[in-house]
Structures are given as C-alpha cells and as structure tokens.
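The values are calculated or read from the model by the stated rules, or taken from the named source; none is laboratory data. Because the structure is a prediction, the values reported are computed rather than measured. A quick note on method: Cβ atoms are made from the backbone with ideal geometry, for glycine too, and the neighbour counts reach across all protein chains shown. In case anyone asks, the SASA skips ligands and DNA or RNA and just uses the protein heavy atoms, side chains included. Shrake-Rupley method; radii C 1.70, N 1.55, O 1.52, S 1.80 Å.
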Amino acid sequence: MLLSVHLALQALGFSDTSDAELVDLYLASRGERYFAELYRRYSTRVYGKCLTMLNDSHEAHDAVQEIFERVILRIGNFRRTASFSTWLFAITNNHCIDRLRKRSRSKLSSAPVEEFEISSESEETTDWLEEQSPAAIRHILGELSEIDRAALVLMYMDDLSVREIATTLNLGESATKMRLKRARARALKIYETWSGRSSMSAA
C-alpha cells in the first residue's frame with residue numbers, strides 16, 4: 001500500500017512519453033516520477049491479472065506491490081526486443097505462478113509423453129470457453145484448481161503458445177497440452193453445472 005500511494009503522489013503527466021522512453025529516463029536519473037508513471041499506467045491491469053490468477057483480492061494487492069518492487073530491481077534488464085507491457089506481464093505471470101506453487105505446497109507434475117497423444121479434438125480451432133460471458137468465466141475460473149486456472153488464463157487471456165505456457169509453468173510441452181486439455185474438460189463440467197443451476201433459479 002505504501003508503495004502505491006507514494007508512486008501515485010510522484011506521478012506526473014507524461015501522455016506523450018512512451019513506455020520505453022520512461023524506462024530510459026528512469027535509468028538515466030533514477031527519478032521516481034518516471035517509474036511512477038509506469039506504475040500509474042499498468043498497476044490496475046497488473047492487479048486484474050493477479051486477481052484472476054490468484055482468486056484472492058488481498059493476495060492480489062500484495063502481489064502487485066511485490067511485482068513492481070521486482071520490476072524496480074530488474075528494470076535495467078529490460079530490452080527493446082519486446083514491449084514494456086509484455087515484459088511486465090511476463091514478470092506478473094511468473095510471480096503469480098510462484099505464489100500458486102507456494103500456496104499449494106506441491107510441485108507441478110510432468111506427464112510422460114506416451115500418456116498423451118495429440119488428437120484433432122484437442123487442436124480444435126474454436127473453443128466454447130471463448131464465447132462465454134464474463135460472469136460465466138469468473139465462475140469457472142473461481143471453481144478450477146489453482147494451476148488449471150493459471151494455465152487457462154495464460155492461454156485465453158494472455159494468448160500464449162503451448163511452448164510459452166510450458167516455459168511459464170515449468171512443464172514439458174506434452175504435459176502442458178495434457179494439462180490444458182484436462183483443464184478445459186473440467187471447465188466445461190463446471191459451466192454445465194453452473195448454467196443448469198442458473199436456468200433453474202431463473203425459471
């Protein structure tokens with residue numbers, strides 16, 4: 001909380017300054033107002049991502065503070081091969097995954113390659129989950145296990161490839177495909193139960 005209030009007070013108008021320019025200005029002078037502007041631009045979106053992945057508002061607030069503290073320490077490593085937002089959200093994803101691992105106190109398991117065979121069903125081009133309402137998505141994500149929720153957020157909200165998701169989750173690609181397939185199947189069951197109950201209560 002102290003970090004967010006302090007940065008909010010430091011933020012000035014930089015509407016014509018790009019993210020990359022703000023990074024350069026901060027690195028050159030260590031002026032807090034430049035980092036404050038980056039915080040102002042992205043803290044709400046980072047909080048939204050943390051809340052979606054962690055499913056806990058207090059933990060999400062704490063995570064935002066820790067993420068921007070980490071960004072301060074690592075900002076000198078930012079390279080122009082990707083946008084600042086892409087770099088920031090990668091840090092956000094990794095931090096949330098670390099929190100989920102610590103929370104569950106269990107390691108992600110890698111499925112042997114022979115246990116999973118890619119089928120046409122698992123590679124469908126359209127997905128029912130993408131067509132659901134925000135209310136349905138919130139309910140589904142809230143009912144999923146922590147790691148299943150994280151995997152689907154990385155796939156649908158961040159639009160990461162299987163390889164990128166595998167890297168983030170520290171899994172092999174085959175194990176990641178299996179986890180995504182199972183997570184979608186669980187999500188469908190949750191949705192069918194929820195939508196049935198919703199229809200009955202509306203009747």
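Assorted remarks:
- Semi-axes of the equivalent ellipsoid for the range 12-111, Cα gyration tensor, largest first, Å: 28, 15, 11
- Modelled FRET efficiency - R0 41 Å, Ser18 with Lys189, Cβ distances, 0.05 increments: 0.35
- Accessible carbon and sulfur surface of the range 12-111 relative to its total accessible area, %, 1.4 Å: 48
- Summing Lys and Arg as +1 and Asp and Glu as -1 over all other residues whose Cβ lies under 13 Å from the Cβ of Gly48 gives a net charge of +2.
- Among the GluC sites (Glu not before Pro) found in the range 133-203, not one is both in a DSSP coil and sparsely packed, with 13 or fewer other Cβ atoms within 10 Å of its Cβ.
- Among residues other than Phe78 with Cβ under 11 Å from its Cβ, the summed charge is +1 (Lys and Arg +1, Asp and Glu -1).
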